[in-house]
1. Quick one: Debye curve from the C-alpha atoms of region 51-91, no solvent, what's log10 I(q)/I(0) at q = 0.29 Å⁻¹?
2. Which order do the peptides 62-73, 205-216, 134-145 come out in when sorted by mean C-beta neighbours inside 10 angstrom, highest first?
3. Got a sec? Charge dipole of the chain, +1 on Cβ for Lys and Arg, -1 for Asp and Glu; which of Met239, Leu216, Gly205 is way out at the positive end?
4. Multiply the residue gap between Ile48 and His233 by 0.36 nm, knock off their C-alpha separation, and tell me the result in nm, one decimal place.
5. Dipole of region 39-112, Cα-centred, from +1 at each Lys and Arg C-beta and -1 at each Asp and Glu C-beta, to the nearest 20 debye?
6. If you take the beta carbon distance between Val69 and Asp153 as r and set R0 to 45 Å, what does 1/(1 + (r/R0)^6) give as a FRET efficiency, to the nearest 0.05?
7. For region 202-246, max minus min Cα coordinate along each principal axis, in Å, sorted largest first?
8. Going toward the positive end of the dipole of region 79-243, with +1 on Lys and Arg Cβ and -1 on Asp and Glu Cβ, which of Gly227, Phe142, Leu102 do you reach last?
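FYI, it's all coordinate maths here, none of it is from the lab. Being a predicted model, the structure only gives us computed values, none of them experimental. Quick reminder, even Gly has a Cβ in these numbers, built from the backbone with ideal geometry, and neighbours come from all protein chains shown.
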Amino acid sequence: MNILNLRPVAHAVHNLNNDYDMRIPQKFLHLGLLGIVVIVASAIWTMITPSNYGGIGLIVGIVMLLPAVITRVVTNTANNRRFQVRDGIVDHANLRGDEQILDIGVGSGITLFGCAKQLKTGKGIGIDIYNPNAGGGTPDIFWKNAHKEGVADRVELKNMDARKMSFADESFDVVVSTFAFHHVGNEESRRKASQEIVRVLKPGGKVLVYDVGFALNELEQVMRESGFSVQRHGERFSMVMGEKSA
Ligand SMILES: C[S@@+](CC[C@H](N)C(=O)[O-])C[C@H]1O[C@@H](n2cnc3c(N)ncnc32)[C@H](O)[C@@H]1O
């Protein structure tokens, strides 16, 4: 089945009052606030002097505001898609209910909690470093969502870098990740994170990762080098699925 042939999102997920919105990166927020100051100052300047500089200031202020506004519009538009991706991952994970699941760059928990709902005796662990410029939210938002989704007893959150995990080898049955790999860093960082995923996955375990295509090349390559069976769907946005030989 092609993961990009995603099923419609059940309306129930929107009624939980959960908060999975991606956050505006802090650097864009700061730039935007400065933009507002520039716009207000330019407007006052235009009122009290006859010069043209007020108009230039207005344009500069608007340009400074744009990254925050564009991010907000794009992330709002993408929300439905994010629920579809999470449901697609849950479908493909095909969980029995006793698995140990790891979510890399878990953010506010959307993907981990979708998986955790299928667990009976298993556990879902999310790791994140909560980079304020990566839009992933906060531990507080993670736990609020965990309670709203009814999975707080089945999940854990660890402040841990994907490039250097403290888990023992072969700890997890399933590793998932959504929209996080492009934030992990450059090619070398993404390769390190990929090697860590291979290390902590049990024999026969599955990897299901979705992100912008360019950010998943290293993961695909590292899994192939490690003898995984690998499938990849999509180019601009890709789903990479791997299975470690048993
Ligand atoms: C765009 S958010 C995606 C969050 C969530 N997976 C989702 O789909 O909503 C990316 C997350 O990756 C996290 N992240 C970035 N680099 C990381 C690293 N080296 N290790 C762990 N998490 C990282 C960021 O802090 C952020 O919370």
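1. Listed by q, the Debye log ratios stand at -0.88.
2. Final packing ranking: 205-216, 134-145, 62-73.
3. Of the candidates, Met239 comes out farthest on the positive side.
4. Answer, rounded to one decimal: 60.7 nm.
5. 300
6. With a Förster radius of 45 Å, E is 0.70.
7. Taking the Cα atoms of region 202-246, the three principal extents are 31, 16, 12 Å.
8. Phe142
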